[in-house]
Amino acid sequence: MTKVLVRVDSGKHIGTGHLFRCRSLALSLRARGCSVHFLTRPHDGNFIDLIKDDFSVHVLPPPTINSYLGVPYDDEIRDTQQFMKRVGNFSLAIIDHYFLDSDYEKSLPINNIVVIDDLKNRRHFCNFLIDQNSPQSLAQYRSLNERSECIYFLGPKYALLGDNFKKARPVLFEKKDDFSKVLVTFGGSDLTNETMKVIKAYLEYQGTLEIKVVIKSTHPDYKKIKQLSNGKKPFEVVDFIDDMARAIKESDICFGAGGTSSWERACLGAPCFTVLVADNQDCIIQTLDKEKSLLFVGDGRKTTKKDWFKVFEKLDSTEEINNVASNSFKLCDGIGVERVSSEILDAIL
C-alpha cells in the first residue's frame with residue numbers, strides 16, 4: 001500500500017483553502033488504495049476537525065512564535081523528521097505551505113515529493129508541482145525547481161475540488177432568469193470583514209432578497225451579524241456547511257473571495273461578485289479576468305459598504321452576469337483531482 005504524508009496547516013491567518021485542496025487530493029488518493037496521514041500544526045482558529053473523521057491526523061506541537069509557520073524553520077524540519085521516523089515507510093509526500101521550500105523538501109527522507117503552490121516565489125526540490133491557478137507559469141516554476149525532472153499540473157484543469165462538485169456539475173451551463181437567492185461566503189477567515197460590509201449594504205438596499213450568510217462563529221462580528229439577521233430585513237446565518245457544492249447550486253449568485261473557492265463556483269457555473277482579500281489571490285483573479293469570467297468588486301482591503309451597495313443594484317444585469325458565469329463554467333470541469341492523482345500514482349508505482 002502506498003503511504004502518503006500530507007503537510008498542511010489552517011487557521012485564522014491561513015484560511016481553509018490549503019486544507020480543503022489537500023483533503024480533496026487525499027480522498028482521491030485513498031480511493032486508489034493509498035494510506036494517507038496528515039501532519040499539521042494547531043494554529044489559532046485551525047480547522048483540523050474537518051479532516052479527523054476521514055484520515056489519520058498527527059498534530060505537531062503548537063506554535064511558539066508569531067509567524068505564518070509558527071516555529072523556527074529548523075524546528076519544523078526536526079518535528080517532521082521525527083514524525084516520519086516514528087511512523088516510517090512513506091512513498092509520497094504532499095506539501096502545501098507558503099513558508100516551506102526546497103530546504104524543507106530536501107530534508108525529507110523520501111524520493112517522491114508533491115508541492116502545491118501558487119506564489120511562484122520559492123525554490124523547490126520536487127518531482128510534482130500543482131498550481132491550479134496559473135496555467136502560464138511553467139517557465140517560472142522550472143527556473144525555481146532544483147529538480148530537472150518534474151511533472152507540472154498548471155491551471156484550473158487540475159483544480160483540486162471535492163467529488164461533490166463533480167457530481168453537482170450540470171451537463172450544460174444553465175442561465176439564470178433572476179438573482180434573488182444570494183450566497184455570501186468569504187472563506188474561513190474573512191480577513192477584510194466583507195460579510196459585514198455586504199450586510200450593511202443590504203440593509204440599505206430597497207429590494208428584498210433571499211440571503212444566506214456562511215460565517216464562522218469565531219468571526220469577530222458573528223454575534224452582531226446574527227442580531228442583524230433577525231431585524232427588519234431578515235437573512236439566514238449559518239456557521240458551517242458540510243456540502244458547499246449543494247449550497248452554491250441552490251443559490252442564484254454568490255458573493256465571495258478570489259481564493260480556491262473561485263474554481264468551485266466556476267465548476268458549477270455559479271456567477272460570483274468577487275473581492276481580493278489576500279495577495280496570493282491576485283493570480284486567480286487575473287486568470288478569471290483574462291477569460292472574461294470575473295465580476296470584480298475590488299480589493300477587499302479597500303472596498304466599502306458603498307461598493308457592495310452598487311453590486312446589489314447590478315443584480316438585474318442578467319445578461320452580463322450570465323455571460324461571465326458561462327465563461328467561467330468552461331474553465332473547470334471538476335475532475336482535475338482525478339487527473340492529478342492518477343498521473344502521480346502512474347509515475348511512482
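Taken together, the values in this text are just the output of simple stated rules run on the coordinates, not laboratory data. Here the structure is a predicted model, which is why all the values come from computation and not from measurement. Backbone-built Cβ (ideal geometry, glycine too); neighbour counts: all protein chains shown.
Projecting label points 7 angstrom from Cα along Cα→Cβ for K290 and D316 puts them 3.7 nm apart.
By the helix-only formula, in which each DSSP H run with n ≥ 4 contributes -39500 (n - 2.57) and the sum is divided by residues, the chain has a 222 nm mean residue ellipticity of -10500 deg cm²/dmol.
Note down the magnitude of the dipole of region 165-329 about its Cα centre, charges +1 on Lys and Arg C-beta and -1 on Asp and Glu C-beta and zero elsewhere, to the nearest 20 debye. Don't jump to the answer; show the numbers that get you there.
Details: 26 positive and 25 negative charges, 74 e Å.
That gives region 165-329 a dipole magnitude of about 360 debye.
Here's the picture: charge each Lys and Arg Cβ at +1 and each Asp and Glu Cβ at -1 in the chain, and of Q286, G88, V182 the one pushed furthest to the positive end of that dipole is V182. Straight-line cross-link partners of K120 among the lysines, defined as a Cα under 29 Å from its Cα and at least 8 positions apart when in the same chain: K3, K12, K106, K157, K166, K290, K292, K302, K330.
Against the empirical 2.2 N^0.38 Å (N residues), region 165-329 has a Cα radius of gyration ratio of 0.96. Comparing S24, S217, S189 in a Gaussian network model of the chain where C-alpha atoms under 10 Å apart are linked, the largest mean-square fluctuation is found at S217.
Figure legend: label point modelled 7 angstrom from the Cα of D282 along Cα→Cβ; residues of region 301-324 with amide N under 16 Å from it are 301-302. Less than 5 angstrom separates the built amide H of G11 from those of F47, all sequence-distant by 5 or more or on a different chain.
Quick one: putting +1 on the C-beta of Lys and Arg, -1 on the C-beta of Asp and Glu, what dipole do you get for the chain around its Cα centre, in Debye to the nearest 20?
Working: 47 positive and 48 negative charges, 63 e Å.
Its charge dipole is roughly 300 debye.
Given the options V275, V297, V59, which has the most mean-square fluctuation in a GNM of the chain, springs set between C-alpha atoms less than 10 angstrom apart? Comparing V275, V297, V59 in the GNM, the peak value goes to V59.
Connecting C-alpha atoms closer than 10 Å in a GNM of the chain, tell me which of R122, R21, R86 has the biggest fluctuation. Residue with maximal mean-square fluctuation among R122, R21, R86: R86. Helices assigned as whole DSSP H runs in the chain whose Cα atoms extend at least 18 Å along their own long axis and whose mean Kyte-Doolittle hydropathy is -0.5 or higher are found at 17-31, 336-348.
Which percent of the Cα-Cα distances in the chain go past 37 Å?
Values: 11182 of 60726 pairs.
Here the tail beyond 37 Å accounts for 18 percent of pairs.
Every Cα-Cα pair in region 1-142 was counted, and those over 24 Å apart are 26% of them.
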